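Since the structure comes first, as structure tokens, the remarks are kept for the end.
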Amino acid sequence: TNGAVEGAQELVKVVLPSLRESLGKALHVRIGIHSGTVIVGDIGSRDFRRDYTVIGDTVNVAQRIQSAAEVDEVLVSDRTRMLLKGSDFLFGYSRTIQVKGRQGSLKVWPLL
């Protein structure tokens, strides 16, 4: 969890500005991070398209969080934030989002 958040923070604060400057392009991202169980492996067949991928409900929720993020924002789920207690990460005010296919709302936190 720490590694994912550190990587996201570095991407937004260091890598993107450097790429923008060197390429002269307005590159932007939206990042959503959720924690939980996933299935990892090769999907497809030996003879046709084959991808190494990650699937599962955790991945789907992370994608929904990513869709709710503002431009160049890192949003983490409440579950992920709880796992980061005691870390040096700073978060803004929480907000709630609706997640397609789920009842109720999900609390998310922007990484500062």
Between Ser105 and Asn60, what length comes free when the chain is fully extended (0.36 nm per residue of separation minus the Cα-Cα distance, one decimal in nm)?
14.7 nm
Ignoring ligands, DNA and RNA, please state the percent of accessible area on the chain from carbon and sulfur, probe 1.4 Å.
51 percent
Distance from region 98-112 to region 24-57 (C-alpha centre basis), Å:
20 Å
Taking the inverse of the average 1/r across all pairs of different Cα atoms in the chain, what Kirkwood radius in Å do you get?
15.4 Å
Using heavy-atom solvent-accessible surface (probe 1.4 Å) with all chains present, what is the largest-first order of Ile65, Ile31, Ile55?
Ile55, Ile31, Ile65
Solvent-accessible area per residue for region 12-112 at a 1.4 Å probe radius, Å²?
70 Å²
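The values are calculated or read from the model by the stated rules, or taken from the named source; none is laboratory data. This one's a predicted model, so the numbers in the text were calculated from it and none came from an experiment. The protein model used for the area step is the full one, side chains on, heavy atoms only, and it has no ligands, DNA or RNA in it. Shrake-Rupley method; radii C 1.70, N 1.55, O 1.52, S 1.80 Å.
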